[in-house]
Amino acid sequence: MVRSGLVARIAGRSPHLSEAEIDAVVSAILQRIGDALTAGDRVELRGFGVFAPFSRRSHSGLNPYTKRPIQIGDRRLISFKPAKSIKRHVEDVAARTIVDRKIAAVRLRLNGHASTDASPSHP
């Protein structure tokens, strides 16, 4: 989802607010999260996850094209660890999708239609 999609979804659920007001709130939240991470602070959004800045020291590596050694400089990065509830939700959706696909394949076979898998069909 992109930012405009987020604003549109919130607007759909909050008809008493204009999209401009919602966009301003989303901008303020994202700006504050960015400011905190820039300052080296950890940002915890309960029920969603934790953003934490960390530094990676310089180290040697290989140029993937020439395979020659290169020096990679210091970098500041951000890690994200999702909340358990978000991880569980994503895993549940993925599991349901797999089960739904398997059920659909079985239904196709039972109805005499060609299956999408490579197993041979029996007359």
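The values are calculated or read from the model by the stated rules, or taken from the named source; none is laboratory data. As the structure is a prediction and not an experimental result, all values here were calculated from the model. No Cβ is skipped: glycine too gets one built from the backbone with ideal geometry, and neighbour counts run over all protein chains shown.
Observations on the structure shown:
- Scanning the stretch 1-28 for residues that are under 18 Å from P82 (Cβ atoms) and loosely packed, with under 11 Cβ neighbours inside 10 Å gives a single hit, M1.
Residue-wise test of (1) exposed (fewer than 11 other Cβ atoms within 10 Å of the Cβ); (2) aromatic (F, W, Y); (3) modelled with pLDDT of 95 or more; (4) under 19 Å from A36 (Cα atoms).
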position	(1), (2), (3), (4)
K67	yes, no, no, no
F80	yes, yes, yes, yes
S85	no, no, no, no
H89	no, no, no, no
D92	yes, no, no, no
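- Among (1) more than 20 Å from V2 (Cα to Cα); (2) not assigned by TED's automatic domain parsing to the domain that holds V2; (3) not acidic (D, E) - the single one H16 does not satisfy: (2)
- Selected residue [surrounded by 10 or more Cβ atoms within 10 Å (Cβ to Cβ), touching a residue at least 12 places away in the same chain (Cβ under 8 Å) and out of contact with any Leu (no Cβ under 8 Å at 6 or more places or on another chain)] from R76, R32, R56: R76
- Test for G73: is it over 26 Å from R3 (Cβ atoms), among the small types (G, A, S) and in contact with a strand residue (DSSP E or B) (Cβ under 6 Å, 6 or more places away or on another chain): no
- Of the residues making up the stretch 42-84, just one is in contact with a Gly (Cβ under 6 Å, 6 or more places away or on another chain) and of a type in the set (S, T, N, Q), namely S58.
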